[in-house]
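To keep things clear, I will list the structure first and then write my remarks on it.
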Amino acid sequence: MKIGIPLETRSGETRVASTPEIVKKLAGKGFEIRVESGAGARAGYPDADFAQAGAQLTDRAGAYAVDLLLKVRRPDAVDVEAMRPGGLLISLLETCGEDPLLSAMLAKGMRVLGMERMPRTSRAQSMDALSSQSNLAGYRATLEAAARYGRFFPMMMTSAGSAKPARVVVLGAGVAGLQAIATARRLGADVHAYDVRPETREQILSLGAKPIMLDLGESGAGEGGYARELSEEAKARQQSALGDELAKAHVIITTALIPCRPAPVLVTEAVVARLRPGSVIVDLAAASGGNCPLTVADEIVERHGVTIVGITNFPALVPADASAFYARNLFNLIEIMVQPGEFGPELKDLAEDDITAAMLVKPSA
C-alpha cells in the first residue's frame, strides 16, 4: 500500500502531514511512503531526513499517485484532478454542507475521511487533530498577545518602580481557550475566563484563573462537548453582561466557535471603544467571521487605539510541533484502519469501525 505526502500549497501553510519519525514507523509496518520533495522544509523537516526514514522522494504527481493520500489542509480543484481514482484521502476538509470538491472526489470512486469529523470519544482522543491543533493555537495566540501588548504580562518589581500584572480575559474554555488560560497564567497575568457552558467553571479554576459567571437564562452546552448557539435573547443578555467585564481587560483572547455556524459576536465595537489605548484583542475565530465584528481575517488592524489580531492559522506559526502532533494523530488513525495482509497492510472496512464510519464522507442523497 502506497502512502503519499504532498507539499501543502495553501498560502501561509507551513505544516506537513507527516514527519520523518512517523514515516519510519509507517515504513516499518510495510507501507511504501512517497514524499514530495520540499514537503517538510517549512516545518523544519528536510528531504534528507525523510529519505533516511525510508521515504521515496518524488515529484507532485508521484505523491498523488498513491492508495492513501495524507494532507493537512483542504484540497483544491488541482489537487482533486491529480488524485488517483479509487484512492483514499485523509485531510481536514474545512467544509459544511454541499461541497463540489467532495462530490468530484466521490465521482472518481474515492473514499474521503475528514479529520474534523472525528468523534469526541475517549478512544478517539489520540487521533483528534482539532484538539491537537487547537492546543497549539491557544498557546501561540497568547504569545502573540504578549508580544503586541506594550506592557508586562506579570507583576514586575524593579528599582525604577513596579508594574501591575496584565488583566487577560479569555472567551471560550474549549481546548484553545484552556491552553490560552494556562499560557497566560504561566506568563504571570491576572487571568479571567468565560464560557457559555457552565461545566467549564471547574476547568477554569483548576488552571488558576477566575471564572466570569453570567446568568443568561439558558445553557450553551451542546452535543459532543461543543457549545451550541444561544437564542437571540440570550445573546443580547450575554453581550450586555460581558461588556463591563471586558472593558476592564488589557488583553482579550477570543476562541468561541460553533461548528458550521458564524462565530458568535462577544466583543462589540462599543466594548472595543471602552478599552484603554494599547489593549490587544486576539480573535481565534477570525476565519469564521470573528468574535469581534472589527476583526479582519489574516490582518492585524488598529481600531479605537486597540490592536486586533485576525491571524487565521496559528498552528502554522509553530509548524514543527504542529506537524508532529498532526502526524501522530494520523498514525494512530491508520493503525485502526489496517490489518496485516499477504502482501503488506490491507484496509479494513471503514464502515465497520465507529471512528472511521463517523469520518467517512457519504454521497448526498
Angle between the chain longest axis and helix 232-247 axis [Cα atoms, degrees, rounded to 10]: 60
Result for the chain, cysteines with no Cys Cβ partner under 4.7 Å, is Cys292
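Using heavy-atom solvent-accessible surface (probe 1.4 Å) with all chains present, what is the largest-first order of Asp67, Asp99?
Numbers: Asp67 55, Asp99 10 Å².
The residues order as Asp67, Asp99, largest area first.
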What ranking of Ser91, Ser162 comes out by heavy-atom accessible area, probe 1.4 Å, highest first? Ser162, Ser91
Between Glu233, Glu269, Glu302, which gets the highest mean-square fluctuation from a Gaussian network model of the chain, Cα cutoff 10 Å? Glu233
Just Val338, Val267, Val78 to compare: in a GNM of the chain, with alpha carbon springs under 10 Å, which one fluctuates most? Val78
Using a 1.4 Å probe on heavy atoms of the protein chains only, the accessible area for Lys24 in Å², nearest 10, reads 140
Place a +1 charge on the Cβ of each Lys and Arg in the chain and a -1 charge on the Cβ of each Asp and Glu, then give the dipole magnitude about the Cα centre in debye, rounded to the nearest 20. 940
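Taking every pair of alpha-carbon atoms in the range 323-365, give the share separated by more than 15 Å as a whole percent. Please list the in-between numbers first.
Working: 477 of 903 pairs.
Taking all Cα-Cα pairs of the range 323-365, the fraction more than 15 Å apart is 53 percent.
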Which order do peptides 178-186, 258-266, 79-87 fall in by mean Cβ count within 10 Å, highest first? 178-186, 258-266, 79-87
In whole Hz and in residue order, list the ³J(HN,Hα) couplings for the range 27-38 that follow from phi through the Karplus curve 6.51 cos²θ - 1.76 cosθ + 1.60, θ = phi - 60°; x for Gly and Pro. 4, x, 8, x, 7, 9, 9, 10, 10, 5, 4, x
Would you please put 307-313, 235-241, 190-196 in order of how densely packed they are, using the mean number of other Cβ atoms within 10 angstrom per residue and starting with the highest? 190-196, 307-313, 235-241
Carbon/sulfur accessible area of the chain, % of total, 1.4 Å probe, equals 52
Pop out the ³J(HN,Hα) list for the range 323-329 in order, Karplus 6.51 cos²θ - 1.76 cosθ + 1.60 with θ = phi - 60°, rounded to Hz; leave Gly and Pro as x. 5, 4, 5, 5, 4, 5, 4
If each Cα of the chain is one equal point scatterer, what is log10 of I(q)/I(0) from the Debye formula at q = 0.06, 0.07, 0.11, 0.13 Å⁻¹? -0.25, -0.34, -0.80, -1.03
For the range 94-212, with the dipole built from +1 on Lys and Arg beta-carbon atoms and -1 on Asp and Glu ones, taken about the Cα centre, which of Ser131, Ala180, Ala160 lies farthest toward the positive end? Ala160
Please list, ordered by chain and number, the residues whose modelled amide H lies under 5 Å from the amide H of Ile300; skip anything fewer than 5 residues away on the same chain. Gly310
Would you be so kind as to identify which of Ala55, Ala104, Val78 lies farthest towards the positive end of the dipole of the chain, taking Lys and Arg as +1 and Asp and Glu as -1 on Cβ and the Cα centre as origin? Ala55
Could you pull out every residue, at least 5 positions away or on a different chain, whose amide H is within less than 5 Å of the one on Lys348? Hs are placed 1.01 Å off N in the peptide plane, and Pro or chain starts have none. Val338, Gln339
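Quick one: which of Lys164/Lys235; Lys24/Lys108; Lys24/Lys362; Lys25/Lys108; Lys2/Lys362; Lys29/Lys348 span more than 22 angstrom between C-alpha atoms? Can you show the working numbers first?
Numbers: Lys164/Lys235 33 Å; Lys24/Lys108 30 Å; Lys24/Lys362 32 Å; Lys25/Lys108 30 Å; Lys2/Lys362 24 Å; Lys29/Lys348 15 Å.
With Cα atoms farther than 22 Å apart: Lys164/Lys235; Lys24/Lys108; Lys24/Lys362; Lys25/Lys108; Lys2/Lys362.
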Can you give the charge dipole size of the range 76-189 about its Cα centre, rounded to the nearest 20 debye, using +1 on the beta carbon of Lys and Arg and -1 on the beta carbon of Asp and Glu? 740
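D for the range 93-247, whole µm²/s, Stokes-Einstein with Kirkwood Rh over alpha-carbon pairs at 25 °C and 0.890 mPa s: what number? If you can, show how the numbers build up before the last one.
On the way: Rh = 18.1 Å.
Taking Rh from Cα pairs, D becomes 135 µm²/s.
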Amide H of Glu36 versus every other amide H placed in the peptide plane: which residues, excluding those fewer than 5 positions away on the same chain, fall under 5 Å? Ile5, Leu7, Thr58
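If you roll a 1.4 Å probe over the heavy atoms of the protein chains, what accessible area per residue do you get for the range 80-174, in Å²?
On a per-residue basis, 46 Å².
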Can you tell me the order of 358-364, 315-321 when each peptide is scored by its average per-residue count of other Cβ atoms within 10 angstrom, highest first? 315-321, 358-364
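Please grab the % of Cα pairs in the range 281-365 that end up more than 23 Å from each other.
Details: 1940 of 3570 pairs.
Summing the P(r) tail past 23 Å for the range 281-365 gives 54 percent.
The values are calculated or read from the model by the stated rules, or taken from the named source; none is laboratory data. Computed from a prediction, not measured in an experiment: that's the story for all the values here. Neighbour counts run over all protein chains shown; Cβ positions are idealised from the backbone, glycine included. We work out accessible area using only protein heavy atoms, side chains counted, and drop any ligands, DNA or RNA first. Shrake-Rupley method; radii C 1.70, N 1.55, O 1.52, S 1.80 Å.
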